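Every read-out reported here was derived from the displayed coordinates using simple, explicitly stated rules and does not represent laboratory data. Predicted model, so just to flag it, every value in this text is computed and none were measured. Quick reminder, even Gly has a Cβ in these numbers, built from the backbone with ideal geometry, and neighbours come from all protein chains shown.
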Amino acid sequence: MKVFVTGATGWVGSAVVDELLRAGHAVAGLARTDEKAMALAATGAQVVRGTLDDLDMLRTAASAADAVVHTAFNHDFSKFAENAEQDQRAIAALGGALEGADRPLLVTSGLSGLPRGATEADAAQSVWPRKSEQAAQAAREGGVRVATVRLAPSVHGIGDHGFVPILVRMARQHGVSAFIGAGENCWSGVHRLDAARLYRLALEQGATETAYHAVADEAVPFKAIAEVIGRRLGLPVESRDRGHFAWFAGMAGGDMAVSSERTRRLLGWTPSGPSLLADLDQSAYYTG
C-alpha cells in the first residue's frame with residue numbers, strides 16, 4: 001500500500017518510514033525543510049514538502065494514499081496549547097480527506113489522562129491541552145476508519161531526544177538525579193523500533209481498534225529511572241518536591257503505566273528491543 005506519513009523525519013516517524021519501506025510499502029512523507037527532504041528522499045520515500053499548517057496539502061496527500069500515519073507533533077512546551085490546536089486541525093484535515101473511503105488513519109497520542117493499569121478500551125480524559133484522541137474520535141464519528149496509537153512516555157533508543165534526555169539535563173543542571181515523593185509512580189517504555197513495527201502491523205491488519213498501546217515495559221518506577229541516571233552521572237539520587245522539576249513536574253510525577261496485552265494479542269506484536277532501563281544504562285545517553 002501507499003502510506004502518507006506526517007513527521008516522517010522525526011524520532012518516531014522516521015522509524016515508521018523505514019519499517020514500512022522494508023516491508024515493501026510505498027511511502028510519501030511530510031518534510032518541512034530542504035535538509036529534511038533530502039534525508040527523507042535518501043530512504044527511497046516520496047517527499048511531500050510542507051508543514052502541518054498546510055491543510056490543503058495534507059488533504060491532497062491523504063487523498064492520494066491508501067493509508068495515513070500521523071506522527072508529527074511540535075513538542076515546544078513554551079507554546080504547547082498552540083501546538084495542540086495545530087495538531088487538531090491537521091487531524092481534522094487528514095480525516096476529512098478519508099471520510100467514506102475506508103482507508104485507515106493512525107493518529108499518535110500518549111498515555112496522559114489514563115488511569116494506572118488502563119487497557120486499550122479505556123478512554124483518555126484530557127488533562128492537558130493536547131487533544132489528539134478527541135480529534136481522532138471526531139474523525140471516527142465522521143466516518144473515518146481511525147485508530148489511536150498511544151505511545152509510552154519514553155520511546156527510547158540511542159539518539160533519543162525526548163523525555164529521558166530532559167531528565168538527564170535536569171540532573172546535570174541541579175547536581176542531583178531526583179524523583180518526587182517516594183518515586184513509586186511509574187512510566188512505561190517502548191523501544192523506537194518496536195513502536196515502528198506496531199504502526200506497520202496495525203495498518204496491515206486494517207486498524208480495526210479504537211486504540212493500540214505501544215508499550216513494552218508496562219510499569220517502570222520513576223525512582224528506578226532516576227537511580228540509573230544518578231549512577232551514570234555520578235550524582236546523588238534524592239527525593240524532591242514538584243517545584244524541583246518546574247514545567248516538567250506533571251510528567252515527572254505522572255503515573256503512566258498501562259497494559260498492552262490486547263495490542264500484543266491482536267497484532268501478534270512482541271517487543272524485542274532493549275528495555276527502558278537497559279537503554280538508559282548505555283553511555284550514549286550521556287554524551288550529548
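Being surrounded by 19 or more Cβ atoms within 10 Å (Cβ to Cβ), under 20 Å from residue 90 (Cβ atoms) and in contact (Cβ under 8 Å) with a residue 12 or more places away in the chain is the requirement here; does residue 107 meet it?
Working: surrounded by 19 or more Cβ atoms within 10 Å (Cβ to Cβ): yes; under 20 Å from residue 90 (Cβ atoms): yes; in contact (Cβ under 8 Å) with a residue 12 or more places away in the chain: yes.
Yes: the conditions hold for residue 107.
Taking residue 58 as the residue in question, decide whether it is touching a residue at least 24 places away in the same chain (Cβ under 8 Å) and closer than 28 Å to residue 266 by Cα. Full working, then the answer.
Details: touching a residue at least 24 places away in the same chain (Cβ under 8 Å): yes; closer than 28 Å to residue 266 by Cα: no.
Against the criterion (touching a residue at least 24 places away in the same chain (Cβ under 8 Å) and closer than 28 Å to residue 266 by Cα), residue 58 does not qualify.
Among the residues of the range 71-85 satisfying the criterion of being crowded, with 17+ Cβ neighbours inside 10 Å and in contact with a Phe, Trp or Tyr (Cβ under 9 Å, 6 or more places away or on another chain), which is nearest to residue 138 (Cα to Cα)?
Taking the range 71-85 and keeping what is crowded, with 17+ Cβ neighbours inside 10 Å, we get 71-73, 83-84.
Then keep just the ones that are in contact with a Phe, Trp or Tyr (Cβ under 9 Å, 6 or more places away or on another chain); that gives 71, 83-84.
On the way: 71: 18, 83: 18, 84: 15 Å.
Once the filter is applied, the top-ranked residue is 84.
Return yes or no: is residue 240 over 15 Å from residue 188 (Cα atoms) and within 19 Å of the chain's Cα centre (by Cα)? Can you show your working first?
Values: over 15 Å from residue 188 (Cα atoms): yes; within 19 Å of the chain's Cα centre (by Cα): no.
When the stated conditions are applied, residue 240 does not pass them.
Could you check how many residues of the range 231-277 are out of contact with any Phe, Trp or Tyr (no Cβ under 9 Å at 6 or more places or on another chain) and assigned to a loop (DSSP other than H, G, I, E, B)?
Just the residues of the range 231-277 that are out of contact with any Phe, Trp or Tyr (no Cβ under 9 Å at 6 or more places or on another chain), to begin with: 231, 234-236, 241-246, 249, 258-259, 261, 264-265, 268, 270-275, 277.
Then keep just the ones that are assigned to a loop (DSSP other than H, G, I, E, B); that gives 234-236, 241, 259, 268, 270-275.
The total comes to 12.
I need a count of the residues in the range 51-91 that are of a type in the set (S, T, N, Q) and touching a helix residue (DSSP H, G or I) at 6+ places or on another chain (Cβ under 7 Å).
Here is the first cut: in the range 51-91, the residues of a type in the set (S, T, N, Q) are 51, 60, 63, 71, 74, 78, 83, 86, 88.
Still in the list and also touching a helix residue (DSSP H, G or I) at 6+ places or on another chain (Cβ under 7 Å): 63, 71, 74, 88.
Final tally of qualifying residues: 4.
Out of 99, 82, 133, I need the residue that is under 18 Å from the mean Cα position of the chain (by Cα) and of a type in the set (Asp, Glu). Which one? Spell out the reasoning first.
On the way: 99 fails: under 18 Å from the mean Cα position of the chain (by Cα); 82 fails: under 18 Å from the mean Cα position of the chain (by Cα).
Unique residue meeting the criteria: 133.
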